[in-house]
Amino acid sequence: MSAHGAAQMMTATKSGPLTGRAEVPGDKSISHRALIFGAMAVGETRITGLLEGQDVLDTASAMRAFGAVVVQHGPGAWSVHGVGVGGFREPDAVIDCGNSGTGVRLIMGCMATTAMTATFTGDASLRKRPMGRVTDPLSLFGTQAFGRKGGRLPMTVVGAANPVPVRYALPVASAQVKSAVLLAGLNAPGQTVVIEREPTRDHSERMLLGFGAELTVERTAEGNVITLTGQPELRPQVVAVPRDPSSAAFPVCAALIVEGSDIFVPGVSQNLTRNGIYLTLVEMGADITFENPRQEGGEPVADLRVRFSDLRGIEVPPERAPSMIDEYPILSVVAANAMGKTVMRGVKELRVKESDRIDAMARGLEACGVVVEEDEDTLIVHGRGPGGVPGGATCATHIDHRIAMSFLVAGMASQRPISVDDASPIATSFPLFEGLMMGLGAKLTKG
Ligand SMILES: O=C(O)C1=C[C@@H](OP(=O)(O)O)[C@@H](O)[C@H](O)C1
Ligand SMILES: C=C(OP(=O)(O)O)C(=O)O
């Protein structure tokens with residue numbers, strides 16, 4: 001929801017060893033999609049492990065506004081009575097996607113090829129983010145969009161009454177844009193083709209297949225060519241949402257930098273389009289073991305055992321960026337606690353997330369006594385070695401959950417405490433972060 005409540009300052013203080021079991025919540029990307037695909041299927045989809053973060057709750061409200069019946073049965077247990085592809089009804093109020101880029105962009109896609117009008121808005125962070133990257137390809141179907149200057153929310157989208165299928169090569173590596181085009185293609189006749197040069201998270205493709213759509217992915221010299229046959233009848237599914245590797249990265253990275261730590265993080269998705277952070281941490285010398293690898297809910301998962309480690313800075317391969325795009329803020333905290341410098345190139349997409357994440361991390365790390373270099377597409381962190389970050393600063397979080405969690409993790413290992421000006425956005429993706437981290441031994445205090 002847009003109404004951003006009172007700011008909640010929070011402080012992290014040097015913590016003893018982190019130990020125990022960290023059960024992180026359900027995957028945010030898969031949770032959004034389970035609700036959306038459930039709403040577009042005919043009949044009842046059952047979901048377990050749904051992330052009950054505000055981003056996902058806002059998507060649940062939006063699906064209700066379009067006519068689906070979305071019910072919570074217990075913690076993480078939800079059902080969606082879908083209305084079928086093309087079966088959405090026109091919402092009678094503005095759709096408020098709160099803080100969620102994934103929510104608004106995917107929902108624009110799924111209504112774009114139905115003859116109806118919907119107006120979208122979000123919080124102060126989401127209203128700054130570019131929507132043209134989605135409305136440009138949607139216009140090829142015949143959809144119209146009227147937003148503020150620069151393609152910003154609030155925005156009214158007029159769905160195409162007679163959509164045509166499209167062939168679209170993604171100009172940016174974005175699973176949100178890919179998914180919006182595929183969702184729009186569902187209600188267009190014929191075949192919609194999306195070409196992605198660099199692979200991005202593939203949850204939409206997996207889920208479309210699971211819900212019974214006809215979809216092929218061809219790996220060619222120009223990248224992945226994804227072909228979707230329009231106007232299928234989607235069959236309702238039972239969806240078990242695996243634990244979120246992006247959320248897991250916070251306790252994992254905290255354990256790596258807080259001396260003496262040894263934690264267990266069960267059932268974390270190891271989807272290859274999401275596991276870049278784990279490859280990178282292992283290259284830096286992290287002591288992580290991936291135990292009991294198995295399939296859960298159609299995704300590869302493993303249990304992670306993580307111990308405090310002496311880490312070294314590395315060059316992160318730029319082509320890895322799409323598979324760890326949300327993890328650069330926490331990686332830069334790990335880098336500050338490693339020996340030597342860590343070079344992160346090809347990361348300009350970070351500038352259009354909930355905040356400009358390169359700027360937010362660079363300014364905050366500098367305030368904590370860490371030397372940082374940046375340009376439009378690059379972040380370089382000069383490591384100070386284990387426990388070497390001075391800290392003693394209050395960092396601005398800019399309505400960005402990942403910036404807030406990153407600096408709180410930094411404060412668990414720094415010499416002096418680190419505060420964040422507002423921890424409330426953490427509720428968008430990881431509502432139980434504070435309790436979970438304190439349960440492991442982290443020292444977090446409000447104020
Ligand atoms: O499709 C998704 O669920 C997401 C895609 C990524 O965004 P982009 O598509 O903008 O890279 C990621 O940053 C976001 O947290 C979730
Ligand atoms: C970028 C993120 O989410 P979204 O784009 O959905 O707001 C994120 O969760 O880090």
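The values are calculated or read from the model by the stated rules, or taken from the named source; none is laboratory data. Small disclaimer: the values here were computed from a predicted structure and weren't measured. Please note: Cβ atoms are built from the backbone with ideal geometry, for glycine as well, and neighbour counts cover all protein chains shown.
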query = Just wondering, is there one or more residues in the stretch 389-408 that are aromatic (Phe, Trp, Tyr), more than 21 Å from residue 429 (Cα to Cα), in contact with a strand residue (DSSP E or B) (Cβ under 9 Å, 6 or more places away or on another chain) and in contact (Cβ under 8 Å) with a residue 60 or more places away in the chain?
reply = no
ask   = Among the residues of the stretch 353-360, is any of a type in the set (A, V, I, L, M), touching a Cys at 6+ places or on another chain (Cβ under 6 Å), assigned by TED's automatic domain parsing to the domain that holds residue 430 and within 16 Å of ligand 1 (Cβ to nearest atom)?
value = no
Which listed residue, of 86, 98, is within 16 Å of ligand 2 (Cβ to nearest atom) and assigned to a loop (DSSP other than H, G, I, E, B) = 98
ask   = residue 221: farther than 20 Å from residue 52 by Cβ and in contact (Cβ under 8 Å) with a residue 24 or more places away in the chain, yes or no?
value = no
ask   = From the list 161, 169, 145, which one is more than 21 Å from residue 35 (Cβ to Cβ), assigned by TED's automatic domain parsing to the domain that holds residue 199, out of contact with any strand residue (DSSP E or B) (no Cβ under 9 Å at 6 or more places or on another chain) and modelled with pLDDT of 95 or more?
value = 161
Criterion: in contact (Cβ under 8 Å) with a residue 60 or more places away in the chain and closer than 28 Å to residue 261 by Cβ - qualifying residue of 52, 44 = 52
request  = Consider only pairs whose beta carbons are under 6 Å apart and that are at least six residues apart or on different chains; among these, list those whose first residue lies in the stretch 133-157 and is under 16 Å from residue 185 (Cα atoms) and whose second residue is within 16 Å of ligand 1 (Cβ to nearest atom) and assigned to a strand (DSSP E or B).
outcome  = 137/168
query = Is it fair to say residue 19 is touching a residue at least 60 places away in the same chain (Cβ under 8 Å), in contact with a helix residue (DSSP H, G or I) (Cβ under 8 Å, 6 or more places away or on another chain) and not assigned by TED's automatic domain parsing to the domain that holds residue 182?
reply = yes
query = When you scan the stretch 1-64 for strands (runs of 3 or more DSSP E) that lie fully inside it, which ones turn up with 3 or more residues that are under 19 Å from residue 238 (Cα atoms) and more than 22 Å from the chain's Cα centre (by Cα)?
reply = 42-48
task = Please work out which residue is surrounded by the most Cβ atoms within 10 Å (Cβ to Cβ), limiting yourself to the stretch 16-55 and to residues that are of a type in the set (Asp, Glu) and within 16 Å of ligand 2 (Cβ to nearest atom).
result = 27
ask   = Restricting the stretch 380-416 to residues that are among the polar types (S, T, N, Q) and either within 17 Å of the chain's Cα centre (by Cα) or within 16 Å of ligand 2 (Cβ to nearest atom) (or both), which is surrounded by the fewest Cβ atoms within 10 Å (Cβ to Cβ)?
value = 397
query = Of all residues in the stretch 125-163, which are away from ligand 2 (no atom under 16 Å from the Cβ), touching a Gly at 6+ places or on another chain (Cβ under 6 Å) and of a type in the set (A, V, I, L, M, F, W, C)?
reply = 160
request  = Name the single residue, out of those in the stretch 284-335 being basic (Lys, Arg) and in contact with a helix residue (DSSP H, G or I) (Cβ under 8 Å, 6 or more places away or on another chain), that is nearest to ligand 1 (Cβ to nearest atom).
outcome  = 320
request  = Answer yes if at least one residue in the stretch 92-109 is at pLDDT 95 or above, hydroxyl-bearing (Ser, Thr, Tyr) and within 15 Å of ligand 1 (Cβ to nearest atom), and no otherwise.
outcome  = yes
query = Taking the stretch 65-82 as the search range and keeping residues that are free of Cβ contacts under 8 Å to residues at least 60 places away in the same chain and part of a loop (DSSP other than H, G, I, E, B), which one is surrounded by the fewest Cβ atoms within 10 Å (Cβ to Cβ)?
reply = 75
